1. Being modelled with pLDDT of 85 or more, open to solvent by 30 Å² or more (accessible area, probe 1.4 Å) and not in a loop (DSSP other than H, G, I, E, B) narrows it down to one residue among Arg496, Arg460; which is it?
2. Output the number of residues of the stretch 36-79 satisfying the condition of being modelled with pLDDT of 90 or more, in a helix (DSSP H, G or I) and either charged (D, E, K, R) or in contact with a strand residue (DSSP E or B) (Cβ under 7 Å, 6 or more places away or on another chain) (or both).
3. Are any residues in the stretch 308-346 at pLDDT below 80 and either small (Gly, Ala, Ser) or part of a helix (DSSP H, G or I) (or both), and if so, which ones?
4. Failed condition for Arg86, given (1) loosely packed, with under 15 Cβ neighbours inside 10 Å; (2) at pLDDT 90 or above; (3) charged (D, E, K, R), with all others met?
5. Which of (1) over 24 Å from Ile81 (Cα atoms); (2) touching a Leu at 6+ places or on another chain (Cβ under 9 Å) is the odd one out, the single condition Asn169 does not satisfy?
6. Quick one: is Gln208 open to solvent by 50 Å² or more (accessible area, probe 1.4 Å), over 25 Å from Thr57 (Cα atoms) and within 22 Å of the chain's Cα centre (by Cα)?
7. Only residues that are open to solvent by 80 Å² or more (accessible area, probe 1.4 Å) and either among the aliphatic types (A, V, I, L, M) or at pLDDT 85 or above (or both): list them for the stretch 415-447, please.
8. Please state which of the following conditions Pro157 fails to meet, knowing it meets all the rest: (1) more than 24 Å from the chain's Cα centre (by Cα); (2) closer than 17 Å to Leu230 by Cβ; (3) open to solvent by 30 Å² or more (accessible area, probe 1.4 Å).
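The values are calculated or read from the model by the stated rules, or taken from the named source; none is laboratory data. This one's a predicted model, so the numbers in the text were calculated from it and none came from an experiment. Cβ sites come from the backbone with ideal geometry, for glycine too, and all protein chains shown count toward neighbours. In case anyone asks, the SASA skips ligands and DNA or RNA and just uses the protein heavy atoms, side chains included. Shrake-Rupley method; radii C 1.70, N 1.55, O 1.52, S 1.80 Å.
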Amino acid sequence: MSLPTTVADVIQNHVTLTVECLDRLYLNVIQSRLQTERGIAYFFQKHRGEAFATAKTMAAITVPFLEAIEQFARSEGLDLITFGRRQRKDEVAREYLAKFHQPEGILFVGKAQERATVVRTISQKNPRTGRSYPWLQKSTAMVNHYYFYGVDEDFGPFFIKFCSYFPCNAKLCLNGHEYVKRQLAKEGIAFEALDNGIRSCADPQRLQQICAGLTPAKIQAFWQKWAKRLPHPFPAKDRAAGFRYQLFVQQAEFARTQVFDRPLSGRLFFEQVLRDNIDLGRPQNMQLIFDRRIPHNTKTRFRTRLVTHQVIPSLWLDYKRSFLKQYFKEARALRTELVVNHTRDFGIGKALDNLPRLRELAFAANRRLLHVQQLSHDPILGEETFQTMTTAQTVAGQRVSGLRFGDPMVLALFTALLLFRHAVRGFSNADLRQTLTPLLTCSANDLKPGRMTYHLRRLRLRGLIERTPKTHRYQVSEAGLRAALFYVCSFSRVIRPTEGDLNMPMLRDRLLRDVSATIERLLSQTRAA
């Protein structure tokens with residue numbers, strides 16, 4: 001069944017700012033020549049002149065490196081803390097960041113035991129001579145990792161993590177949105193920040209240019225800057241011989257943030273997106289989103305997940321080892337984000353130089369997701385119509401009071417409109433007065449003709465009734481009929497019975513269990529009609 005409209009079409013008139021930016025970037029910082037047993041043997045035997053690559057020769061590199069880390073912490077006056085088993089490192093970093101007031105520097109050094117891939121020295125015997133000789137073999141082990149949490153003048157908060165075991169692989173984590181905030185502040189461009197994004201900006205065009213300007217060259221320069229300031233496991237002679245760290249993408253998040261003009265409208269919209277797109281993760285849809293053919297024999301799981309974290313729902317679409325996620329950020333902005341956990345999922349290499357290709361693919365996928373997503377109806381339009389109906393408005397230069405939902409007079413007026421709907425000649429001031437008297441259980445003297453004129457005026461200016469030309473009689477419009485049905489039926493069949501049953505202890509528990517399902521069924525019936 002073809003649905004009326006796409007998400008992209010709906011939100012284009014309700015969004016005040018759209019930003020495409022690299023979000024969290026997690027890089028592997030490794031010596032590519034030292035990731036194999038043969039490469040390590042070459043390093044120690046050919047480059048360093050050792051007889052064999054043994055645990056002792058490896059310790060000659062790692063032990064001075066660990067001593068340099070402790071000396072660095074002492075000389076810089078930094079805390080060297082050991083993370084607990086379940087302690088959240090980011091929360092510790094936020095506490096230190098709140099107390100840090102310098103343009104840039106290291107906040108603290110942390111130590112944690114984590115599993116890592118290591119190369120161990122084992123003993124093997126020559127089958128002909130029987131003599132033992134050392135042999136290198138890859139395995140995993142729980143080893144200490146050292147975290148350097150810091151703040152950069154251009155990139156904001158970051159951390160660099162070194163493994164204490166040879167070949168001392170490292171990881172670098174930074175955030176593209178933090179980089180953008182720093183650049184906007186430097187250029188004096190006014191902006192309002194989200195927790196991890198931009199809510200508003202005085203110069204949106206320049207904002208997007210800054211986002212696109214975060215290039216691999218700038219990230220490489222950032223690494224080289226801090227590699228010179230921090231303890232380094234490999235001395236200058238090793239680096240001069242070509243044993244240098246290289247950057248590879250381990251995980252990258254590419255975010256499209258769309259800020260809504262009205263937060264409540266955006267929230268209602270996203271709830272409708274969740275309901276209408278729960279089956280979006282099927283292969284035929286993923287082919288459209290990523291513009292890639294998926295063979296029928298592809299060995300991976302395609303699925304849609306509805307994830308609730310801290311009561312914030314999000315829509316996740318799995319694609320091989322990567323996934324798309326969508327959620328409503330800080331009750332203000334729709335965040336559509338591709339999280340790349342393995343660049344090979346898209347036929348792209350891991351080297352940092354491939355970041356522009358990956359960025360182009362990711363942002364295109366985010367945009368196509370919005371076009372693939374379908375909505376059965378526009379909840380933003382409904383919410384705006386309800387707000388317009390219930391609040392005071394200015395129509396044709398005249399102020400019109402709101403028709404408050406649940407107000408006895410408003411309900412009586414809409415009930416009267418339902419009664420007058422099939423009156424061939426329409427109705428007059430006197431007819432309305434006569435009909436409202438029993439509905440409000442009051443006398444006719446309480447409803448003066450002037451008061452009826454006031455109510456007829458507010459209904460007419462809102463387009464709920466139409467005046468018959470050259471007469472003082474009125475007809476109920478189509479809009480008036482829809483509004484009357486909504487007000488009267490929803491109040492009399494949903495609100496009023498629910499409030500009555502809540503006062504009855506025997507019915508309260510059952511009602512609270514069933515009320516959500518009942519309302520959902522009523523809404524489904526309304527949509528079907």
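1. On the way: Arg496 fails: modelled with pLDDT of 85 or more.
The match here is Arg460.
2. Residues that pass the stated criteria total 6.
3. Of the residues in the stretch 308-346, the ones at pLDDT below 80 are 308-312, 331.
Hit for the stretch 308-346 is Ala331, nothing else.
4. (2)
5. Status for Asn169: all satisfied but (1).
6. Values: open to solvent by 50 Å² or more (accessible area, probe 1.4 Å): yes; over 25 Å from Thr57 (Cα atoms): yes; within 22 Å of the chain's Cα centre (by Cα): yes.
So Gln208 passes the test.
7. Going residue by residue through the stretch 415-447, those that are open to solvent by 80 Å² or more (accessible area, probe 1.4 Å) are 419, 422, 424-425, 434, 438, 441, 445-446.
The answer is Leu419, Val424, Arg425, Gln434.
8. Result: Pro157 fails condition (1) only.
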